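Participant: First, the structure itself, so that you have it in front of you.
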Amino acid sequence: MCIRDRSEVEVMADAGIRDILLTSEVAGPGAFDRLVAIAARLPDFKAVVDNAWAVDQIASAARVRRVVVKLLIEIDVLTGRSGVVDSTAALALADLIRATDGVELVGLHGYAGHAQVQPEAVRRERNDPAMALLADVVETLREHGHEIPVLTGGGTGTASMDAQRGLLTELQAGSFLLMDVAYRNAGAPFENALFCRSTIISRPTPERAVCDAGQKTLTADSGPAEVIGRPGVRYLRGSDEHGSLVVEPVALEDDLAVGDVIQLIPSHVCTTINLHDVLVGVRDGRVEVVWPVATRGHVW
Ligand SMILES: Cc1ncc(COP(=O)(O)O)c(C=O)c1O
């Protein structure tokens, strides 16, 4: 299970999940001790690092607690985010980890985020050099005697091409489970399973309707949500609490009325779920389960 924040890891650990990779670097007061406390609790826990200072900090805290923390070096596979940028820097960090008590190198983390939510040709164009860079780094490290059992990366957009390539030992795809508009438009071959119910609260003109799902309900970082089952009714934009809908000429005969309930597909699953306390599981029109979003707001 790949998780971004320590507080999310703690929730997952409380729920009985054992094999967890923390995919973001940490820093700040108490950060390393908290990370090592998780490692002391979960023997399969792993964390990413991309700098020598973090390795030293984790190792010091680990020696105090008498544990060995499993580390993966994060490689910036041309995403332009965190991670060491080439095999020279990766080798220096790998050598440091090998020479330091309290930490153990178990793999490389190379998540090509820039290749994910894109049309297929762009996904391939961006993922090929990203994975070539990762392959180059792992080859260098192995030439210098580092065993690299874990090579982890990939997302919903590149999962099938990564599986065909066979370089990664773990795929980190997550959005495929519920999907969203952005991934659907990018051609990801999975069904949408996440919907938001919203009520029409105003119908000021034939061309305009307003629903009660604005940006407190649906994030807009990946574009507008999509109205389903109402051809010609388009979600234009969300303000704080309101969603403005355009009723296209083709749908002017639509009987969309105040009080009607519409269904929307969120444009970005990850950020939208973090706005909600629960997910309601529906099968054949009946509510079957209500899941609390236990990690909601756990961003520290
Ligand atoms: C490090 C990492 N791995 C995996 C994922 C999941 O990717 P996707 O949502 O494309 O399946 C993300 C998403 O942000 C991520 O940041």
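The values are calculated or read from the model by the stated rules, or taken from the named source; none is laboratory data. Keep in mind the model is a prediction, meaning the values are calculated, not measured. Every residue, glycine as well, gets a Cβ built from its backbone with ideal geometry; the counts of neighbours run over all protein chains shown. For accessibility, only protein heavy atoms count, side chains too; no ligands or nucleic acids. Shrake-Rupley method; radii C 1.70, N 1.55, O 1.52, S 1.80 Å.
Participant: Go through (1) over 17 Å from L21 (Cβ atoms); (2) away from the ligand (no atom under 16 Å from the Cβ); (3) of a type in the set (D, E, K, R) and name the single condition E104 misses.
Facilitator: (1)
Participant: Looking only at the stretch 193-215, how many residues end up being closer than 25 Å to Y183 by Cβ and open to solvent by 30 Å² or more (accessible area, probe 1.4 Å)?
Facilitator: Total satisfying the criteria: 4.
Participant: Take D284 and decide whether it is closer than 23 Å to R184 by Cα and exposed (fewer than 12 other Cβ atoms within 10 Å of the Cβ).
Facilitator: Details: closer than 23 Å to R184 by Cα: yes; exposed (fewer than 12 other Cβ atoms within 10 Å of the Cβ): yes.
In short, yes.
Participant: Go through (1) assigned to a loop (DSSP other than H, G, I, E, B); (2) open to solvent by less than 50 Å² (accessible area, probe 1.4 Å); (3) within 16 Å of the ligand (Cβ to nearest atom) for P189 and report which single condition fails.
Facilitator: The failed condition is (2).
Participant: May I ask you to say which residue of A188, A193 is closer than 19 Å to A121 by Cα and of a type in the set (A, V, I, L, M)?
Facilitator: Testing whether each residue is closer than 19 Å to A121 by Cα and of a type in the set (A, V, I, L, M) leaves just A188.
Participant: Here's a check for you: in the stretch 1-30, which residue that is acidic (D, E) and within 16 Å of the ligand (Cβ to nearest atom) is nearest to A47 (Cα to Cα)?
Facilitator: Among those that are acidic (D, E) and within 16 Å of the ligand (Cβ to nearest atom), it is E25.
Participant: Going by what's in this entry, would E170 be described as at negative phi and touching a Lys or Arg at 6+ places or on another chain (Cβ under 9 Å)?
Facilitator: The answer is no for E170.
Participant: Let me ask something additional. So which residues in the stretch 257-277 are loosely packed, with under 12 Cβ neighbours inside 10 Å and assigned to a strand (DSSP E or B), if there are any at all?
Facilitator: V261
Participant: On the given criteria, is L218 assigned to a strand (DSSP E or B) and either in the same structural domain as V26 (by TED's automatic domain parsing) or within 22 Å of D180 (Cβ to Cβ) (or both)?
Facilitator: For L218, the condition - assigned to a strand (DSSP E or B) and either in the same structural domain as V26 (by TED's automatic domain parsing) or within 22 Å of D180 (Cβ to Cβ) (or both) - is not met.
Participant: Got a number for residues in the stretch 127-184 being assigned by TED's automatic domain parsing to the domain that holds A90, touching a Pro at 6+ places or on another chain (Cβ under 8 Å) and part of a loop (DSSP other than H, G, I, E, B)?
Facilitator: 1
Participant: Separate question: Going through the stretch 142-176 one residue at a time, which ones are away from the ligand (no atom under 13 Å from the Cβ) and either open to solvent by 70 Å² or more (accessible area, probe 1.4 Å) or in contact (Cβ under 8 Å) with a residue 60 or more places away in the chain (or both)?
Facilitator: Result: R142, E143, H144, E147, P149, V150, Q164, R165, T169.
Participant: Another question, if that's okay. From the list L245, L236, L264, which one is under 30 Å from G157 (Cα atoms), more than 20 Å from the chain's Cα centre (by Cα) and free of Cβ contacts under 8 Å to residues at least 24 places away in the same chain? Walk me through how you get there before you give the answer.
Facilitator: Details: L245 fails: free of Cβ contacts under 8 Å to residues at least 24 places away in the same chain; L264 fails: free of Cβ contacts under 8 Å to residues at least 24 places away in the same chain.
Going through L245, L236, L264 in turn, the sole match is L236.
Participant: Could we say that E120 is of a type in the set (D, E, K, R), within 16 Å of the ligand (Cβ to nearest atom) and assigned by TED's automatic domain parsing to the domain that holds F45 here?
Facilitator: Details: of a type in the set (D, E, K, R): yes; within 16 Å of the ligand (Cβ to nearest atom): yes; assigned by TED's automatic domain parsing to the domain that holds F45: yes.
When the stated conditions are applied, E120 passes them.
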